[in-house]
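Each remark here refers to the structure printed beneath this line.
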Amino acid sequence: QVQLEQSGAEVKKPGASVKVSCKVSGNTLSDAFIHWVRQASGKGLEWMGGFDPEDGLTINTQKFQGRVRMTADTAADTVYMEVRSLRSEDTAVYFCANRNRSWAFDLWGQGTQVTVSS
Amino acid sequence: QPVLTQPPSVSGAPGQRVTISCTGSISNIGIGYDVHWYQHLPGTVPKVIIYSNNKRPSGVPDRFSGSKSGASASLAITGLQAEDEADYYCQSYDGSLNGYVFGTGTTVTVL
């Protein structure tokens, strides 16, 4: 069974960076199209970016303006998402999710809590 | 400004039917991009319950149904049950933003 396994919770200070990982198990990364979605406490779901077969890597630049970087290690079947210049508003649960052929997110990681606090 | 707009909350008694609207624009739903719906229970991960406007994944009860017309979509829950209390989100793709968009989310309360 295919699963997405995320790294553990992080606590960072404002201005720092955080890197969250998402490992694909039960399949290979080449057969997955991994995206990142976050949810701040009391807020809705927010798409951050991800890898598509049609366009490759796409990032929500309107929202994150170059602060987000996504990379992949195909040998380890792992995707990484890094947020730089963290602000308190970046405190959220970060999910990785697989986009299927219908362009829906059909499989989700367990979520990673990132807390930004001085 | 939100790209996909949903009512903040809907409620109904057990057994009743409720609907959740998802209003988009010509750059997303209106131009033909599909709409997907997610159920999100607190402390869990979102689960797709409707994909491609009106299709149900295996295991999702047929009490859930979806439709799309013009630049809007709807999720209907018939025979409402206590276990349906959750947050629901629509999702589509926006050609102007070149990215995926989620609705503002709707909390369903079973009275």
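List of remarks:
- Residue under evaluation B:Gln1, criteria (1) of a type outside the set (A, V, I, L, M, F, W, C); (2) within 19 Å of A:Asn98 (Cα to Cα); (3) surrounded by fewer than 13 Cβ atoms within 10 Å (Cβ to Cβ), criterion not met: (2)
- Test result for A:Asp106, within 17 Å of B:Phe102 (Cβ to Cβ) and modelled with pLDDT of 95 or more: yes
- Checking A:Gly26 against (1) on the phi > 0 side of the Ramachandran plot; (2) buried (at least 21 other Cβ atoms within 10 Å of the Cβ); (3) of a type in the set (Gly, Ala, Ser), the condition it does not meet: (2)
- Scan of segment B:45-66 for residues that are touching a strand residue (DSSP E or B) at 6+ places or on another chain (Cβ under 9 Å), among the polar types (S, T, N, Q) and within 12 Å of another protein chain (Cβ to nearest Cβ), ordered by number: B:Ser52, B:Asn53, B:Asn54
- Of all residues making up segment B:67-108, the number that are surrounded by 14 or more Cβ atoms within 10 Å (Cβ to Cβ) and either more than 14 Å from every other protein chain (Cβ to nearest Cβ) or farther than 26 Å from A:Glu54 by Cα (or both): 19
- Checked against the criterion of being more than 14 Å from chain B (Cβ to nearest Cβ), touching a Cys at 6+ places or on another chain (Cβ under 8 Å) and either hydroxyl-bearing (Ser, Thr, Tyr) or crowded, with 19+ Cβ neighbours inside 10 Å (or both), segment A:60-78 contains one or more residues that satisfy it.
- Going through (1) modelled with pLDDT of 95 or more; (2) within 15 Å of the chain's Cα centre (by Cα) one by one, B:Leu41 falls short only on (1).
- Hits in segment A:78-102 (condition: modelled with pLDDT of 95 or more and part of a loop (DSSP other than H, G, I, E, B)): A:Arg84, A:Ser85, A:Leu86, A:Arg87, A:Thr91
- Considering residues of segment A:103-118 that are closer than 30 Å to B:Asn54 by Cβ and in a strand (DSSP E or B) only, the residue farthest from the other protein chains (Cβ to nearest Cβ): A:Leu107
- Some residue of segment B:52-65 being surrounded by 20 or more Cβ atoms within 10 Å (Cβ to Cβ) and under 15 Å from B:Thr106 (Cβ atoms): no
The values are calculated or read from the model by the stated rules, or taken from the named source; none is laboratory data. As the structure is a prediction and not an experimental result, all values here were calculated from the model. Cβ: placed from backbone, ideal geometry, glycine included. Neighbour counts: every protein chain shown.
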